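This report refers to the structure that appears directly beneath it.
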Amino acid sequence: MKSQDIRTKFLDFFKSKQHDIVPSAPMVLKNDPTLMFTNSGMAPFKEYFLGNATPKNNRIADSQKCLRVSGKHNDLEEVGYDTYHHTMFEMLGNWSFGDYFKKEAIAWAWELLTEVYKIDKDILYVTVFEGDEKDGTKMDQEAYDIWKQYISEDRILMGNKKDNFWEMGEQGPCGPCSEIHVDIRSAEEKAKIDGKSLVNEDHPQVVEIWNLVFMQYNRKADGSLAGLPAKHIDTGMGFERLCMVLQGVQSNYDTDVFTPLIREIETITGVGYGKDEKVDIAIRVIADHVRAVAFAIADGQLPSNNGAGYVIRRILRRAIRYGFTFLNKKEPFIYKLAETLAHQMGNAFPEIRKQDNLVHNVIKEEEASFLRTLDQGLLLLDKVIEETSGKTVSGAKAFELYDTYGFPLDLTQLIAREKGYDINEEEFNMGMKAQKDRSRAASASETSDWVILLDDEVEEFVGYDTLSVDVRLTRYRKVTTKKDGDQYQLVFNMTPFYPEGGGQVGDRGYIETPNGDVIYVIDTKKENNVIIHFTKNLPKNLNDTFKAVVNDEHRRLSASNHSATHLLHQALRTILGDHVEQKGSLVSPDYLRFDFSHFSKVDKDQLQEIEEFVNARIRENLPLEEKRNIPMQQAIDEGAIALFGEKYEDSVRAIRFGQSMELCGGTHVPQTGDIWYFKIKSEGAVAAGIRRIEAITNVAVGEYFEDVERNYDAVKQLLKNPKDIAKSVSGLQDENAALKKQIEQLLKDKAKNMKGDLKNQLQEVNGVQFLATKVDLDPNSIKDLMFELGGEINNLFLLFATAPSTDKAMLTCYISKDLANEKGYDAGKVVRELGKLIHGGGGGQNFFATAGGKNPGGIPKALERAKDYIA
């Protein structure tokens with residue numbers, strides 16, 4: 001059975017059980033501070049489990065893209081070495097939100113596996129939670145009794161908290177679970193060892209394929225368990241493992257989920273799969289990792305140096321290194337797999353096909369960038385290992401690899417482990433700590449559990465229609481950070497405050513108590529569908545009715561910039577082409593930032609045309625046309641643009657200004673004339689195929705024009721108020737250029753005059769013509785003079801110093817190439833070491849190098865020590 005058919009049969013089965021079939025949510029999570037990526041099928045539905053939102057249908061099924069590379073659920077180290085762990089994988093899942101529970105979940109799982117997929121019942125085992133004394137939970141007798149109806153009791157095994165109690169993170173919904181395991185060993189192997197003894201023992205042919213989670217608890221910040229408002233079902237079946245079972249192979253990589261990628265890797269590299277274990281591991285790693293990286297990019301997460309972007313960069317660099325070392329690929333090639341992936345998975349996940357060009361370009365640039373430093377880094381690591389006594393490599397050296405060559409620690413550990421060495425992780429962490437102490441101190445926080453005041457209220461956002469409303473506090477919690485001290489997060493039954501989202505910053509304002517006290521709201525964010533208001537203190541009487549008031553100026557200017565991004569998006573697509581898509585944005589009261597897909601620099605004329613297009617729409621004073629709670633497909637059919645990487649509900653909000661129509665939850669101006677004016681401040685590259693425009697509107701434009709006028713008047717006064725400023729400045733430039741030429745000629749003449757004197761100062765030391773002296777010349781003249789002397793004199797060693805100011809010093813070293821190449825002299829080494837005496841550093845080639853510093857007082861000592869290199 002082909003993988004596409006396996007996925008379709010799963011979804012069709014649960015559709016027949018009255019489940020809504022929903023598309024996969026993005027793999028990159030937003031509005032959830034506890035998770036970076038979707039690491040399980042249930043992550044996109046947390047708000048339903050917590051009771052913060054209600055789905056249209058209490059029964060849902062899907063195939064969810066997941067990523068497990070960090071934190072509690074981390075499979076990275078096993079990838080490629082075994083046959084069934086992956087970074088990115090599909091999780092087939094069926095969900096019940098307060099509807100059916102254990103009886104139906106178990107019955108349908110058994111029916112699907114044994115009757116639809118026709119898996120032999122005799123190769124299946126199930127596990128049941130045995131209970132945990134510390135949590136005060138008991139053995140799951142209910143699940144055990146249900147399973148007895150379908151499978152013999154000797155195939156029902158007890159599982160501990162590690163294996164049979166599912167938790168998505170340190171906090172959040174959780175509960176006991178029943179796993180279904182399959183034994184695909186040969187008959188001979190089964191005769192030797194009973195399969196039940198291999199369950200949960202990491203045997204490659206006795207693996208878990210489905211986990212039925214009975215979600216009934218919420219893990220609180222203090223570690224305790226509290227009951228959820230309703231009981232839910234959360235199941236997850238590993239699609240790749242299911243394909244392995246149904247296609248009768250012994251490895252996930254032998255299924256048609258991976259074989260097209262493996263064949264393409266073989267074609268590109270000319271290396272065969274199945275002949276050498278190290279090569280096979282490399283090919284499996286690359287086939288796995290390119291899926292994770294490609295889908296993350298398609299979902300909106302570009303590789304970067306921090307957060308989720310760094311995780312993606314780590315995965316890709318791991319794949320690049322495997323190709324470099326084991327497949328002998330010194331040039332980018334992984335990017336070529338994007339087309340195969342798009343063709344293979346584009347029907348199930350249209351985003352990978354739609355973003356194919358972006359994925360291709362981003363991976364190619366990342367490969368080229370890392371390959372430039374990979375060879376040097378590997379040579380350094382080899383040298384470090386050679387110089388290591390014992391089997392533990394210096395963590396400080398590992399940190400140097402990270403800091404200088406971009407080697408993530410896990411990559412360095414992997415390479416060292418292949419050679420039989422460990423890394424001193426404590427030393428590495430000390431280096432990281434020294435580098436990150438400041439940011440860590442600012443971000444470290446402690447968050448208490450929610451204190452519930454009203455648990456029967458559903459928060460309502462009313463901020464589209466009003467900026468003030470009477471509210472009641474439903475819950476709050478305390479957060480303590482080293483940077484900000486104590487803060488409180490407040491949730492109300494309704495709110496006019498817009499939470500940070502869709503690129504727009506959160507509203508600010510205040511909460512007024514009945515006695516007139518004011519509590520300032522310093523930020524507003526959204527977490528699991530709950531709008532959270534950040535304050536420095538709490539109201540005295542928590543049960544009062546308060547007045548929530550949004551800062552009108554902050555909201556008005558944010559709305560102006562947000563509406564301008566819609567007009568900018570329209571302008572870009574009109575002028576540059578329909579290939580332009582929004583890839584990110586920031587909308588604040590002060591300015592807007594807009595990232596978009598485009599594969600070349602936007603030239604000056606195009607920027608002017610874009611600016612004029614937006615301002616024309618502003619002058620038309622187009623009214624805001626807003627449609628709320630309309631079916632998403634209806635909005636798309638009417639021409640609305642959906643942004644990539646965003647998770648949309650069945651009902652959406654559509655915003656239209658003239659011909660511009662987008663799905664958007666942000667706040668906007670009533671008519672485009674309220675934006676007043678749009679001005680582009682900058683345009684540049686963010687990543688491969690991604691450009692960024694920063695612009696201003698409204699009050700900021702007025703301040704910008706005032707600043708331009710002030711500078712213009714200042715220039716006029718400096719130029720004695722000429723009638724034609726441009727002509728006057730052009731004249732100054734011509735005069736300046738002529739003077740520069742005169743100075744250059746004078747310096748050349750000065751250097752020529754000095755050459756004879758310098759020749760007379762040369763000393764012969766150990767057969768080397770040596771001179772170390774201070775000169776009064778500019779860097780270019782020093783270089784020209786040195787090379788002229790080098791052309792006339794053999795075995796030459798020169799060190800010239802100059803001090804252009806009281807806080808600047810420069811050393812320049814020239815060594816004849818015969819001395820450098822034949823006798824091992826190194827100008828770069830000379831300036832690096834002597835540069836320390838002038839409180840600086842530098843480098844260059846072995847025959848010519850320079851160093852700069854801030855201590856001219858160190859020049860005499862540097863000149864004195866120069867002779868040591870030839871003495």
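Going by alpha carbons, how many degrees (0 to 90, nearest 10) lie between the helix axis of 277-298 and the longest principal axis of the chain? In the chain, helix 277-298 runs at an angle near 90 degrees to the longest axis. The slack between LYS483 and LYS354, meaning 0.36 nm per residue of separation minus the straight C-alpha distance, is 42.2 nm. For the chain, a simple Cβ point-charge model (Lys and Arg +1, Asp and Glu -1, everything else neutral) yields a dipole of about 2280 debye relative to the Cα centre.
Once the Cβ-Cβ distance between LYS2 and GLN250 is put in as r, and R0 is 22 Å, what FRET efficiency do you end up with, to the nearest 0.05? With a Förster radius of 22 Å, E is 0.75. When peptides 132-144, 756-768, 286-298 are sorted by average Cβ neighbour count within 10 Å, with the highest value leading, the order is 286-298, 132-144, 756-768. Computed from the C-beta positions of LYS383 and ARG472 and an R0 of 60 Å, the FRET efficiency is 0.35 to the nearest 0.05.
Pairs spanning more than 27 Å between alpha-carbon atoms, out of LYS478/LYS525; LYS525/LYS604; LYS336/LYS433; LYS161/LYS482; LYS741/LYS817; LYS30/LYS231: LYS525/LYS604; LYS336/LYS433; LYS161/LYS482; LYS741/LYS817. Each of THR524, THR672 was scored by other Cβ atoms within 10 Å of its Cβ. Arranged with the fewest first, they read THR524, THR672. Restricting the calculation to Cα atoms, the range 621-746 yields a radius of gyration followed by a Dmax of 24.5, 77 Å.
Alpha-carbon geometry of the range 446-548: the Rg and the Dmax are 12.8, 37 Å, given in that order. Here's the list of aspartates and glutamates a cross-link from LYS275 could span, going by alpha-carbon distance under 17 Å and ignoring same-chain residues fewer than 8 apart: ASP82, ASP254, GLU264, GLU266.
For MET754, the shell of other residues with beta-carbons less than 15 Å away shows a net charge of 0, using +1 for Lys and Arg and -1 for Asp and Glu.
The charge dipole of the range 256-387, taken about the Cα centre with unit charges on the Cβ atoms of Lys, Arg (+1) and Asp, Glu (-1), comes to about 160 debye, rounded to the nearest 20.
Computed over Cα pairs, the Kirkwood radius of the range 556-697 leads via Stokes-Einstein (1.306 mPa s, 10 °C) to a diffusion coefficient of 105 µm² per second. When both bridge partners sit in the chain, DSSP labels roughly 90% of those beta bridges antiparallel. Relative contact order, whole percent, for the chain stands at 7, derived from Cα pairs under 8 Å and 6 or more residues apart.
Round to the nearest 0.05 the FRET efficiency obtained for SER730 and ARG710 when R0 = 22 Å and r is the Cβ-Cβ distance.
On the way: r = 22 Å, r/R0 = 1.02.
Approximately 0.45, to the nearest 0.05.
Sorted fewest first by neighbouring Cβ atoms within 10 angstrom, LEU863, LEU454 come out as LEU454, LEU863. Relative to the longest principal axis of the Cα atoms of the chain, the long axis of helix 552-575 lies at roughly 80 degrees.
Annotation for THR114 and LYS17: the two label points, set 7 Å from Cα along the Cα-Cβ direction, are 1.5 nm apart. When the P(r) is computed for the chain, the part past 48 Å accounts for 38% of the Cα-Cα pairs.
Dipole of the chain computed with +1 at Lys/Arg Cβ and -1 at Asp/Glu Cβ about the Cα centre; of ALA282, ASN543, VAL451, farthest Cα towards the positive end is ALA282.
Note on ASP122 and ASP403: the extension gain reaches 95.8 nm, defined as 0.36 nm multiplied by sequence separation minus the Cα-Cα distance.
Placing a label point 7 Å from the Cα of ASP605 along the Cα-to-Cβ direction, none of the residues of the range 579-596 has a backbone N under 12 Å of that point.
Taking every C-alpha pair closer than 8 Å and separated by at least 6 residues, the mean separation divided by the residue count of the range 556-697 gives a relative contact order of 33 percent. Using a cutoff of 8 angstrom between alpha carbon atoms and counting only pairs six or more residues apart, the relative contact order for the range 3-249 works out to 21 percent.
Annotation: extensible slack from ALA191 through ASN328 equals 45.0 nm (criterion: 0.36 nm per residue apart, minus Cα-Cα distance). The C-alpha atoms of the chain define a longest principal axis, and helix 356-386 lies at about 70 degrees to it.
Under a Cβ-Cβ cut-off of 11 Å, what is the net charge of the residues other than ASN855 that fall near it, where Lys and Arg count +1 and Asp and Glu count -1?
Details: positive: LYS808, LYS836, LYS854, LYS861; negative: ASP807.
Residues near ASN855 contribute +3 overall.
Each of ARG263, ARG477, ARG318 was scored by other Cβ atoms within 10 Å of its Cβ. Arranged with the fewest first, they read ARG263, ARG477, ARG318. Think of the chain as having a plus end and a minus end, set by charges on the Cβ of Lys, Arg, Asp and Glu; of GLY307, VAL491, SER178, GLY307 sits farthest toward the positive end of this dipole.
Per residue, the convex hull around the alpha carbon atoms of the range 663-711 comes to 109 Å³. The charge dipole of the range 243-309, taken about the Cα centre with unit charges on the Cβ atoms of Lys, Arg (+1) and Asp, Glu (-1), comes to about 80 debye, rounded to the nearest 20. Over the range 689-806, the ratio between the Cα radius of gyration and 2.2 N^0.38 Å evaluates to 1.85.
Helix-only estimate, please: 222 nm mean residue ellipticity of the chain, summing -39500 (n - 2.57) across DSSP H runs of length 4 or more and dividing by its residues, to the nearest 500. Taking each H run of at least 4 residues, the total per residue is -12000 deg cm²/dmol.
Read-outs: derived from the displayed coordinates by stated rules, not from any lab. All of these numbers come straight from a predicted model, not from anything done at the bench. For neighbour counting, all protein chains shown are included, and Cβ atoms are generated from backbone atoms with ideal geometry for every residue, glycine included.
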